[in-house]
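For reference, the structure discussed in these notes is given below.
Just so it is clear, none of the values below were taken in a lab; they were calculated from the coordinates. These numbers come from a predicted model, not from an experiment. When we count neighbours, we look across all protein chains shown, and the Cβ atoms used for this are built from the backbone with ideal geometry, even at glycine.
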Amino acid sequence: MTIEDELRAELAKTQQALTDLRARVDNAQQLANMGDYDWHISTDTNSWSDQLYRIYGHEPGAFNASYDRFLEMVHPDDRDKVTEMHREAYATGGSWQIIERIVRPDGEVRHLSTNGVVITDENGTPLRMRGTCVDVTERVLAEAESERLAADLREAQVRRRQAFELNDQIVQGLAVAAMALHVGDLDAAGTHLDQTLAAARTMMSDLLLGADLPVATPGSLVRSRESLVAAGTPAAAPLPAARVLLADDYEDIRTLMRFQLEKAGFDVVGEAGDGASAVALAIEHLPDVVVMDLAMPVMDGLEAIPMMRATAPGMRIIVLSGFSTETVAEQALAAGASRFVEKSRQLDLVSEVRAVLDA
């Protein structure tokens with residue numbers, strides 16, 4: 001073999017190795033959905049990798065990606081930002097990194113994470129700008145969806161809090177007024193109705209103005225037990241002293257419920273103003289019946305019911321709630337409640353307790 005033959009063989013081997021290397025690079029870029037570019041500033045010619053053409057929605061080598069042609073494919077809302085970034089890098093000889101949008105020929109918008117660097121000569125004169133582009137559209141859309149879901153969750157939490165506050169200030173107030181009427185305390189009923197009406201006006205104004213609802217601050221509006229007895233509440237027939245635990249964050253309702261139950265002969269073994277305290281008292285006293293509000297601080301009724309059931313499976317649990325939807329009732333019963341009662345109705349708590357005890 002002559003020297004020329006050896007050189008040809010070596011050249012063919014080198015060319016084959018270069019071809020293999022380009023194929024491997026192209027395959028790697030396809031897998032990473034990444035392309036690279038090399039823009040020669042003086043001639044306005046841009047060497048794009050095959051995958052970069054594909055990212056932009058074109059066949060490899062379909063056109064010379066001059067700067068003007070490149071800008072045509074940048075999203076109109078991003079062009080000023082991109083050109084300003086390039087000007088600054090050209091002037092300083094530095095590098096850049098940006099997430100920009102492009103528009104493909106079919107109108108699809110893609111998000112690219114682009115970085116680049118300015119190559120200069122020994123005098124600092126810019127010669128080329130080269131870098132890489134990674135298609136990060138799926139990641140950007142996933143982050144946007146995650147942010148949207150988080151915003152929806154925050155809005156749902158606000159709505160839930162407002163619903164609880166409406167329940168505490170309006171439905172609870174009306175329920176107390178109705179219970180006061182039931183036991184014959186007309187003065188207390190009138191006071192609650194007046195205060196509930198005033199609270200409703202305030203909350204409606206706040207909602208229309210976009211303000212947060214005020215936190216409920218229930219007062220001690222119910223008269224003493226002695227005054228309620230003096231009001232002439234009819235006494236029920238004596239019953240065996242079943243043990244009852246009351247759980248409601250509204251003190252007035254607890255007072256009226258205790259009065260009704262003790263008048264009927266039940267033994268009220270404790271009162272709780274939040275769900276966690278209710279669970280603790282249920283574990284301590286093991287009552288026959290728990291009468292519990294659904295919307296309470298610290299721990300709501302839906303969380304507390306299963307914990308009480310785990311402590312004493314035979315414990316009867318009556319859920320009182322200002323929420324009257326079937327969904328709320330179904331959730332309470334599915335959690336283990338024995339009975340669901342709306343506070344908005346005329347509440348005869350003695351009958352409700354008798355019913356679950358008989359069952």
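Neighbours of GLU330 by Cβ distance under 15 Å: Lys/Arg scored +1, Asp/Glu scored -1, total -1. Under the combined filter of DSSP loop state and at most 15 neighbouring Cβ atoms within 10 Å, the stretch 290-359 retains these trypsin sites (Lys or Arg not before Pro): ARG345. Between ALA276 and LEU357, the contour length at 0.36 nm per residue exceeds the alpha carbon distance by 26.7 nm.
Phi-derived couplings, Karplus 6.51 cos²θ - 1.76 cosθ + 1.60 at θ = phi - 60°, listed residue by residue for the stretch 81-90: 5, 5, 5, 5, 5, 5, 4, 5, 5, 5 Hz, with x used for Gly and Pro. Mind jotting down the distance between the C-alpha centroids of the stretch 280-312 and the stretch 54-111, whole Å? Their Cα centres are 62 Å away from one another.
With R₀ fixed at 25 Å, the C-beta to C-beta distance from ARG104 to ARG130 puts the FRET efficiency at about 0.60. Taking a ≥ b ≥ c as the square roots of the eigenvalues of the Cα gyration tensor of the stretch 244-359, is the shape rounded (a/c under 1.5), prolate (a/b larger than b/c) or oblate? Rounded, because the longest to shortest axis ratio a/c is under 1.5.
Between ARG79 and LEU186, what length comes free when the chain is fully extended (0.36 nm per residue of separation minus the Cα-Cα distance, one decimal in nm)?
Once the chain is fully extended between ARG79 and LEU186, it gains 31.2 nm.
Taking amide H as placed 1.01 Å from N in the peptide plane, ALA272 has its amide H under 5 Å from the amide H of LEU246, ALA247, ASP248, each at least 5 places away in sequence or on another chain.
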